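The values are calculated or read from the model by the stated rules, or taken from the named source; none is laboratory data. The structure presented is a predicted model; accordingly, all values stated were derived computationally and were not measured. Here Cβ is always computed from backbone atoms with ideal geometry, including for glycine, and neighbour counts include all displayed protein chains. To get the accessible areas, we keep the full protein, side chains included, count just its heavy atoms, and leave off ligands, DNA and RNA. Shrake-Rupley method; radii C 1.70, N 1.55, O 1.52, S 1.80 Å.
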Amino acid sequence: MRRGLSVLVATWSLAITTAAGRPEATAHPSTDARGALSFVEGQQPAPGSAGAVSSYRVLLDKYCVTCHNQRARTAGLTLDTAELTDIPAGAEVWEKVIRKVRGGMMPPVGMPRPEQAALDALVSHLETTIDRAVLAAPTLRGPILHRLTRVEYRNAIRDVLALDIDAAALLPADEEAFGFDNIADVQGVSPALMERYLSAAWKVSSLAVGSPKILPLLDTYRVRGDTSQHDHIEGLPIGTRGGILIRHYFPVDGEYVISPKLYRNTVDNIRGLEREYTLEITVDGTRVHLARFGGTIDERESYARPAAAGDELERRFKIRYPFKAGPHTIGVAFLKPSSATTLELLQPFGRERVDPITPVGITELDRVLLEGPFNVTGPGDSPSRRRVFSCHPNDEPPARRSAEREVGCATRILTTLARRAYRGTVTETEGNRLVSFYQREREKGGDFDAGIEAALTYLLVSPQFLFRIERDPEDVRAGAPYRVGDLELASRLSFFLWSSVPDDELLTLAARNRLHQPAVLEQQVQRMLADERARVFGANFAGQWLFLRNVRGLVPDPDIFPDFDHNLRQAMQRETEMLFESIVLEDRSALDLLTADYTFVNERLARHYGIANVYGTQFRRVPVTNEARRGLLGHGSLLTLTSYANRTSPVIRGKYVLTNLLGTPPPPPPPDVPPFNETPAKGLSMRERMEQHRRSPACASCHQVMDPIGLALENFDGIGSWRTSDNGAAIDASATLWNGARVAGPAELRQAILSRPDLFVRTMTEMLFTYGLGRGIEHYDMPFIRSILREAAPSNYRFSSLVLGIVTSAPFQMRRSES
């Protein structure tokens, strides 16, 4: 079995080439140039009048060429030679001009500026001219192959096999480009990655089938070191503190050993044993074990012989428990005393481990070891087995069983799974190949389940599963544009909105060649956005666009921010994810990301924000009454992300807003930038330190754009808490922005950004476009972005209108033949 799969992996390139050339099962619509571009038919470029072109040339020469000429080449732009009589030919340069002028950054503050009406007329002329040319003959570019990302692999396994896996433990992290990890051009395939896919396929198939040959394994679940165990952990029983909630998939019915381990300091002492504790173990919310420890005897033994005493103590916690196959939750926590002790009342900080050596404080859980299975009693009745085995020989009376009927059942199982996994019609050749793996295992003496497991392993390493392969139709000439088939459209749609494979409804519509119909497509987009699977936008799309994935790695200086712990870190990230999810699932305006008068908090985050009457670890929706806290600009996640470990950074915050929210990133710093003063005199505010730094000519040009944004957010400290002073000096949050607008504080900064709402929505749409197509934005994509914004504006940029605009655009629905 392993030898056959190794040969398969070694010949992937041949298999992909063969698959790419396979004719599509669904008929393609007409692919002549006129028919393929019918929705932009009749749009022809219309040159501007000679007088208008002359006036634009005068404006550029007077206000722009001083900096943007062949000699200075400021920001890489040379406008003295840019041709206004053939704007589409220089669209790449003109799109940069459009972006800067629309953003109010050209000409910069302090330089002579023409009337705004003149600038608007110039930009409108540039946009109209470029849009007419591009929409009449769009440049269509798209990769042939998209490899599944780690997130997509996990979700595909969930939706195909009803099995939740930890893909991060099975596969390496994906390469990133343009802010996302699903960019096809950087998704390489190495021999090492192939081995990881093969290893993952063996494990996943054995878990899904419930193989009785599974050997006992040891899994370790660790509590992050800076997690506060003074508080209740969400999902654990009320009345407990600290601990961990484990979600584990048990492959078969059998016994498993649970071994909790306590945190020990560097000399092997267990903290807080001077007091008595009770450790509780629960399974699916039901108590299965209680163990009491601590007090005078345990404390004395721990000091006398710390390592041995700790081992003996932890043996009280160890249990062997019979689990049924499938997903279960295991909770390990400490019962909380009915009344707080003096030590608990005097806890000075939100985190416990202030001193890693002193054994004073409360006892904490360090990790839980889970080992098994032992004494296996059968494969059980797990959700994955129910999904896989749509039929089984054991379901039939013995008299009716036969090898032929078994093969028929195996064929039905494998073709059903392959239809979902391969995201389309399964050809006879593909079906026979899967059945052949089943038959080989049966010929070796394996039972029916083992044969299905062998075929499933092959399915999970086949190119049709691991790659989204878009095949050029045979009747399309090389270089000709055509609309992708409905099955390819279904995959594009599901991986865009769900980061997973299409469901049966999408596949059925695609197989009937109905999905591309406008009314049907819009109905499916609305259905998918309302589905719980669309929550993936919060963690996957927003997690990458807004850098939320980086929150987990933030470690603020504990001496300066002693209240920051993992509980707060997790809560900050979840707040922003949940806000984005609400925009998606409730189909709200994209602008609500900046203006939302509500947010999502638990007790830990509410305490950080100063929001009263919020208790417990469960997140709930609460109104935001503080204007400074509304929307993303008031979220602790973004404010902590854009700070250093020991202080705020107006530069990073300004750059973040310009790049991630407004789509106008500043140029990279020059190589001769002087260092920032990290040891200021008492009473010197961040504003004053930044003013000293900006005195260098090498720094001034960029900092005058970035710094005002960050200074307007200076009332938020390095972890997003509100403050009124910094280093003993009162905070002055007033600033003059890149476009000359005066602001003072976060609320006025938000209003300044919203004065041009199209800039924020354009940036978000560009990110959605990149994420949805799996490639970077090019200058020839901008006409489509502008078209999407125009169509979405009447609905105040509802999320569904942006998504539908992308889904119905030519780049999403079409490609150019490369055959």
### Task
Among the residues of region 473-498, write down those that are assigned to a helix (DSSP H, G or I) and among the aliphatic types (A, V, I, L, M).
L487, L489, A490, L493, L497
### Task
Give the residues of region 439-457 that are in a helix (DSSP H, G or I) and more than 17 Å from V204 (Cβ to Cβ), sorted by residue number.
Q439, R440, R442, E443, F448
### Query
How many of the residues making up region 623-660 are assigned to a helix (DSSP H, G or I), open to solvent by 30 Å² or more (accessible area, probe 1.4 Å) and of a type in the set (F, W, Y)?
0
### Summary
Here the residues within region 71-96 that are in a loop (DSSP other than H, G, I, E, B), of a type in the set (S, T, Y) and surrounded by 13 or more Cβ atoms within 10 Å (Cβ to Cβ) are T78
### Message
Among the residues of region 145-154, what is the count of those that are closer than 21 Å to A418 by Cβ and open to solvent by 60 Å² or more (accessible area, probe 1.4 Å)?
### Response
1
### Task
Name the single residue, out of those in region 508-528 being part of a helix (DSSP H, G or I) and either touching a strand residue (DSSP E or B) at 6+ places or on another chain (Cβ under 6 Å) or hydrophobic (A, V, I, L, M, F, W, C) (or both), that is farthest from T765 (Cα to Cα).
A511
### Selected residue (only one of R412, R367, R401 is modelled with pLDDT of 95 or more, over 30 Å from F467 (Cβ atoms) and not hydroxyl-bearing (S, T, Y))
R367
### Query
Which residues, taken from region 619-665, are charged (D, E, K, R) and either in contact with a strand residue (DSSP E or B) (Cβ under 9 Å, 6 or more places away or on another chain) or more than 22 Å from M578 (Cα to Cα) (or both)?
R620, R621, R629, R630, R647, R653, K655
## Note on the structure
Given (1) in a helix (DSSP H, G or I); (2) hydrophobic (A, V, I, L, M, F, W, C); (3) crowded, with 23+ Cβ neighbours inside 10 Å, V501 misses just (1)
### Message
I'd like the residue in region 393-428 that is of a type in the set (G, A, S) and open to solvent by 30 Å² or more (accessible area, probe 1.4 Å) and, out of all such residues, is farthest from S462 (Cα to Cα).
### Response
A399
#### Entry: Residue check for S494: more than 23 Å from R412 (Cβ to Cβ) and either small (G, A, S) or at pLDDT 95 or above (or both)
yes
### Query
Can you name the residue in region 251-300 that is more than 25 Å from N375 (Cα to Cα) and basic (K, R) and is also farthest from the chain's Cα centre (by Cα) among such residues?
R300
### Query
Only one residue in A137, A117 is open to solvent by 30 Å² or more (accessible area, probe 1.4 Å) and either without any contact (Cβ under 8 Å) to a residue 40 or more places away in the chain or within 19 Å of S755 (Cβ to Cβ) (or both). Which one?
A117
#### Entry: Residue that is touching a residue at least 60 places away in the same chain (Cβ under 8 Å) and in contact with an Asp or Glu (Cβ under 6 Å, 6 or more places away or on another chain), where the choices are V501, V476
V501
### Query
For region 613-622, how many residues meet the condition of being not polar (S, T, N, Q) and not in a strand (DSSP E or B)?
4
### Query
Are any of the residues in region 591-604 open to solvent by 30 Å² or more (accessible area, probe 1.4 Å) and in contact with a strand residue (DSSP E or B) (Cβ under 7 Å, 6 or more places away or on another chain)?
yes
### Task
Could you tell me which residue of region 429-460 is nearest to the chain's Cα centre (by Cα), considering only residues that are among the polar types (S, T, N, Q) and open to solvent by less than 70 Å² (accessible area, probe 1.4 Å)?
T457
### Message
I'd like to check something: does region 430-437 contain any residue that is in contact (Cβ under 8 Å) with a residue 40 or more places away in the chain and more than 15 Å from A201 (Cβ to Cβ)?
### Response
no
#### Entry: Pair list, Cβ < 9 Å and 6+ apart or interchain, from region 740-758 residues that are under 14 Å from L633 (Cα atoms) and in contact (Cβ under 8 Å) with a residue 24 or more places away in the chain to residues that are surrounded by 19 or more Cβ atoms within 10 Å (Cβ to Cβ) and among the aromatic types (F, W, Y)
P746/F716; I753/F760; L754/F760
### Message
Can you name every one of the helices (runs of 4 or more DSSP H) wholly within region 529-599 that holds 2 or more residues which are in contact with a Lys or Arg (Cβ under 7 Å, 6 or more places away or on another chain) and under 15 Å from L641 (Cβ atoms)?
### Response
566-585
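Residue by residue, here is whether (1) hydrophobic (A, V, I, L, M, F, W, C); (2) more than 24 Å from the chain's Cα centre (by Cα); (3) farther than 23 Å from D253 by Cα; (4) modelled with pLDDT of 95 or more holds:
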{"residue": "L161", "(1), (2), (3), (4)": "yes, no, no, yes"}
{"residue": "L171", "(1), (2), (3), (4)": "yes, no, yes, yes"}
{"residue": "V186", "(1), (2), (3), (4)": "yes, no, yes, no"}
{"residue": "A201", "(1), (2), (3), (4)": "yes, no, no, yes"}
{"residue": "T220", "(1), (2), (3), (4)": "no, yes, no, yes"}
{"residue": "R224", "(1), (2), (3), (4)": "no, no, yes, no"}
### Query
Do you know which residues across region 306-336 are open to solvent by 60 Å² or more (accessible area, probe 1.4 Å) and closer than 24 Å to R275 by Cα?
D311, E312, R315, R316, K318, K336
### Scan of region 591-628 for residues that are under 27 Å from the mean Cα position of the chain (by Cα) and hydroxyl-bearing (S, T, Y), ordered by number
T595, Y598, T599, Y609, T617
### Task
Name, by its number, the condition in (1) farther than 14 Å from R419 by Cα; (2) out of contact with any Asp or Glu (no Cβ under 6 Å at 6 or more places or on another chain); (3) modelled with pLDDT under 95; (4) surrounded by 17 or more Cβ atoms within 10 Å (Cβ to Cβ) that does not hold for R471.
(2)
### Query
What pairs can you find where one residue is in region 305-325 and over 21 Å from F250 (Cα atoms), the other is open to solvent by 90 Å² or more (accessible area, probe 1.4 Å) and in a helix (DSSP H, G or I), and their Cβ atoms are less than 6 Å apart, with a gap of 6+ or different chains?
none
### Task
Filter region 664-689 down to residues that are more than 34 Å from the chain's Cα centre (by Cα) and aliphatic (A, V, I, L, M) and give me whichever is modelled with the lowest pLDDT.
A681
### Task
Return the only residue of A308, A291 being among the aliphatic types (A, V, I, L, M) and farther than 18 Å from L245 by Cα.
A308
## Note on the structure
Heads up, the strands (runs of 3 or more DSSP E) in region 155-269 (entirely inside) with at least 3 residues that are open to solvent by 40 Å² or more (accessible area, probe 1.4 Å) and either more than 22 Å from R423 (Cα to Cα) or touching a residue at least 12 places away in the same chain (Cβ under 8 Å) (or both) are 217-222
